[in-house]
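The values are calculated or read from the model by the stated rules, or taken from the named source; none is laboratory data. Remember, it's a predicted structure, so these values are computed and weren't measured experimentally. Here the Cβ is made from the backbone with ideal geometry for all residues, glycine too, and neighbour counts use every protein chain on show. Please note that ligands, DNA and RNA were not included when accessible areas were found on the heavy atoms of the full protein model with its side chains. Shrake-Rupley method; radii C 1.70, N 1.55, O 1.52, S 1.80 Å.
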Amino acid sequence: MPEITLPQGTIDYRDAGTGPPVVFVHGLLVDGTLWRKVTPLLEGEARCIVPDLPLGSHRTAMNADAEITPAGVARLVGDFLAALDLEDVTLVGNDTGGAISQLVALDHGERVGRLVLTNCDCFEVFPPKEFKPMMQAARVPGALYAAMQPMRAAAARRSPMAYGALAHDLPDEVTAAWIEPFLDDADVRRDTVSFLRAVDKAITLDAAARLPSLKIPSLVAWGQDDRFFSPELGRRLAATLPNSRLEPIEGARTFVAEDAPEALASLIAGFVREGAAQAA
C-alpha cells in the first residue's frame, strides 16, 4: 500500500480507480478492508481512496504526541485530503467513521463536495449502549487489553458483543487481521485507548446541532437490520441534514459494505454521477 506522512504520523492507504475522488472512512477496530467488497465495483467511474485510520486496527502507530480523539482524527482526515490535494471529495463514513465524517464535513470541509453516511454514531448514540463497557475499560490502565485477550479466538470474535452482530457473515480471517494490531502493538493500543477515552455523545449532539448548516448534498444509506443504529436513527439523521436523501438498505446490519456491497456501491456511484452532472 502507499503511505503518506502527516503531522500526526504515517497513514497507509489504498488508492484505485480513476474519476472523481471518493474517500472511505471506517470505524473502530476495523481498517480499510471494511470496504473491500465495495471499492472494486466503483473503480471504473471513481478514484477510491481508503485510509487505515488510527482506530485500533492500524499497522503503523501515530506519533506519541498526536491527538487521537474524534476531533483529532477528523483533523487528520482533513489533513489527509489536503496532502493528496483532493478536491470535491465524496466522503463516505460508517460506524465510528460516520461520526468522524460529520466532523470532517463541519470543521474541515473545504475539500468535501458530498457526504455519504451509512449506519453510524450520531445524536445521542456515541457509542451505542452495548459498547459502553469497552469505553469504560479504556479508562482503567491495562483493563481493555486484558478484556480483549479472548478475541484471539475466532469464536470470541463472532460474539454479538464483538463483531458478531455487525454483519451477517464476517470471515474469521478478516476479523483476526482487524484485532491483531491492537493485541500485538502497545503503541497501537495507546492510540486506541486515547480515542476511546474521548468518545462522548456531547460530540455527536453538538455535530447534530450544526449539521443543518451544511451546504453540500448528503446521502444516508442505512441498513435496516441493525441492532446498534436503528432505522429510526437513520431517518432522524436524513431529516437533520439539508439537501439529503434517505436510502434504506434492507437486510443490512451496521457494516452495510459487508452485507450489501452491490446496493451500496450502486447508490454511491449514482450520487457521484449526480455531483459530476451538476458541476458540468
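Under the Karplus relation 6.51 cos²θ - 1.76 cosθ + 1.60, θ = phi - 60°, what is the ordered set of whole-Hz ³J(HN,Hα) values for segment 109-125, x standing for Gly and Pro?
x, 4, 9, 9, x, 8, 10, 10, 10, 9, 3, 7, 5, 6, 6, 7, 9
For the chain, with the dipole built from +1 on Lys and Arg beta-carbon atoms and -1 on Asp and Glu ones, taken about the Cα centre, which of ALA207, TRP178, SER57 lies farthest toward the positive end?
ALA207
If you take every residue apart from GLU45 with its C-beta less than 13 Å away from the C-beta of GLU45, what net charge results, scoring Lys and Arg +1 and Asp and Glu -1?
Details: positive: ARG47, ARG273; negative: GLU43, GLU274.
Overall, the nearby charge balance is 0.
With each pseudo-label sitting 7 Å past Cα toward Cβ, what's the ARG139-GLN278 distance in nm, one decimal?
In this crude spin-label approximation the distance works out to 4.2 nm.
Per residue, how large is the accessible surface of the chain? Use a 1.4 angstrom probe and give square angstrom.
39
Once you charge only the Cβ atoms, +1 for Lys and Arg and -1 for Asp and Glu, what is the size of the charge dipole of the chain about its Cα centre, to the nearest 20 debye?
Working: 26 positive and 38 negative charges, 139 e Å.
Using Cβ point charges on Lys, Arg, Asp and Glu, the chain gives about 660 debye.
Using a Cα-Cα cut-off of under 18 Å, which lysines could be cross-linked to LYS201, ignoring same-chain neighbours fewer than 8 residues away?
Straight-line reach from LYS201, under 18 Å: LYS129, LYS132.
Taking the structure as given and computing log10 I(q)/I(0) by the Debye sum over Cα atoms at q = 0.07, 0.10, 0.15 Å⁻¹, which label from (1) -0.50, -0.73, -1.09; (2) -0.22, -0.45, -1.11; (3) -0.26, -0.53, -1.14 fits?
Evaluating log10 I(q)/I(0) by the Debye sum over Cα atoms at q = 0.07, 0.10, 0.15 Å⁻¹ on these atoms matches (2).
In straight Cα distance, which lysines are under 26 Å from LYS37, not counting same-chain residues fewer than 8 positions off?
By straight Cα distance, LYS37 reaches no lysines at all.
Show the residues, 5+ positions off or on another chain, whose built amide H is closer than 5 Å to the amide H of GLU247.
VAL220, ALA221, TRP222
Can you list residues whose amide H is under 5 Å from GLY9's amide H, if they're 5+ apart or on another chain and H is modeled 1.01 Å from N?
For GLY9, whose amide H was placed from the backbone, the distant partners under 5 Å are ASN63.
Test of understanding: express the Cα radius of gyration of segment 153-231 as a ratio to 2.2 N^0.38 Å, with N the residue count.
1.44
Taking the Cα centre of segment 41-155 as the origin, how large is its charge dipole in debye, to the nearest 20, when only Lys and Arg (+1) and Asp and Glu (-1) carry charge on their Cβ atoms? Before the final figure, lay out each step's value.
On the way: 9 positive and 15 negative charges, 116 e Å.
Computed about the Cα centre, the dipole is about 560 debye.
If segment 90-183 were replaced by its equivalent ellipsoid, with semi-axes equal to the square roots of 5 times the Cα gyration tensor eigenvalues, what would those be, largest first, whole Å? Show your work: numbers first, answer last.
Numbers: eigenvalues 153, 55, 32 Å².
The answer is 28, 17, 13 Å, longest axis first.
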